[in-house]
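To start, the structure itself, in structure tokens.
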Amino acid sequence: MDTQLNYQAIIKKVLQEHADYRAKFPDGYDSQVLFDDDRGQYLVLDIGWNGDSYLHATPIHLSLIEDKVWIQYNDTEEGIAMDLVEAGIPKSAIVLGFRHPKLRQYTGFGMA
């Protein structure tokens with residue numbers, strides 16, 4: 001299977017698991033997964049009411065760029081990088097995009 005197609009399938013599975021987990025907590029909002037395979041963009045979107053406040057947040061944003069999975073944003077307690085590794089994506093193919101380029105060499109994950 002093509003690496004990019006394999007990574008797309010893994011990303012979708014892992015993000016759906018995160019959204020399903022978030023949906024277990026009845027806070028009044030819903031977690032949705034948004035996929036754009038053509039542009040390589042993958043999001044978990046929290047939307048709805050959290051008490052008296054309207055919530056519209058993106059706790060996870062991944063991009064698929066040149067056979068590497070970029071974690072653009074990760075606002076989860078447990079993190080998503082190791083979930084991707086456990087699902088079959090090598091650390092060398094995961095870039096922590098939210099880390100400054102000068103610091104990425106020290107993360108144990110891939111470089112751009």
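The values are calculated or read from the model by the stated rules, or taken from the named source; none is laboratory data. Because the structure is a prediction, the values reported are computed rather than measured. Cβ placement follows ideal geometry from the backbone for every residue including glycine, while neighbour counts extend to all protein chains displayed.
Look at Ser63 and say whether it is modelled with pLDDT of 95 or more, among the polar types (S, T, N, Q) and out of contact with any helix residue (DSSP H, G or I) (no Cβ under 7 Å at 6 or more places or on another chain). Talk me through it step by step, then tell me what you get.
Details: modelled with pLDDT of 95 or more: yes; among the polar types (S, T, N, Q): yes; out of contact with any helix residue (DSSP H, G or I) (no Cβ under 7 Å at 6 or more places or on another chain): yes.
Judged against the criteria, Ser63 is a match.
Please enumerate the residues belonging to the range 11-43 that are crowded, with 18+ Cβ neighbours inside 10 Å and modelled with pLDDT of 95 or more. Before you say what the answer is, go through the steps one by one.
Quick first cut of the range 11-43, residues crowded, with 18+ Cβ neighbours inside 10 Å only: 11, 14-15, 18-19, 22, 29, 31, 33, 40, 42-43.
Residues satisfying the conditions are Ile11, Val14, Leu15, Val33, Gly40, Tyr42, Leu43.
Picking from residues in the range 1-31 that are in a helix (DSSP H, G or I) and of a type in the set (Phe, Trp, Tyr), the one that is farthest from Glu78 (Cα to Cα) is Tyr7. Residues in the range 42-76 that are in contact with a Leu (Cβ under 8 Å, 6 or more places away or on another chain) and at negative phi: 17 in all. Asp46 meets the conditions (1) at pLDDT 95 or above; (2) among the acidic types (Asp, Glu); (3) buried (at least 16 other Cβ atoms within 10 Å of the Cβ) in every case but one. The failed one is (1).
Counting just the residues of the range 1-30 that are touching a residue at least 12 places away in the same chain (Cβ under 8 Å) and of a type in the set (Gly, Ala, Ser), which one comes out nearest to Asp83 (Cα to Cα)? Of everything passing the filter in the range 1-30, Ala19 is nearest to Asp83 (Cα to Cα). Would you tally the residues in the range 40-60 being among the small types (Gly, Ala, Ser) and in contact with a helix residue (DSSP H, G or I) (Cβ under 9 Å, 6 or more places away or on another chain)? Going through the range 40-60 one residue at a time, the tally reaches 1. Restricting the range 53-76 to residues that are more than 24 Å from Tyr29 (Cα to Cα) and of a type in the set (Val, Ile, Thr) leaves a set whose member that is surrounded by the fewest Cβ atoms within 10 Å (Cβ to Cβ) is Ile65.
Each residue in the range 77-112 was checked for being polar (S, T, N, Q), surrounded by 13 or more Cβ atoms within 10 Å (Cβ to Cβ) and touching a strand residue (DSSP E or B) at 6+ places or on another chain (Cβ under 6 Å), and 0 of them qualify.
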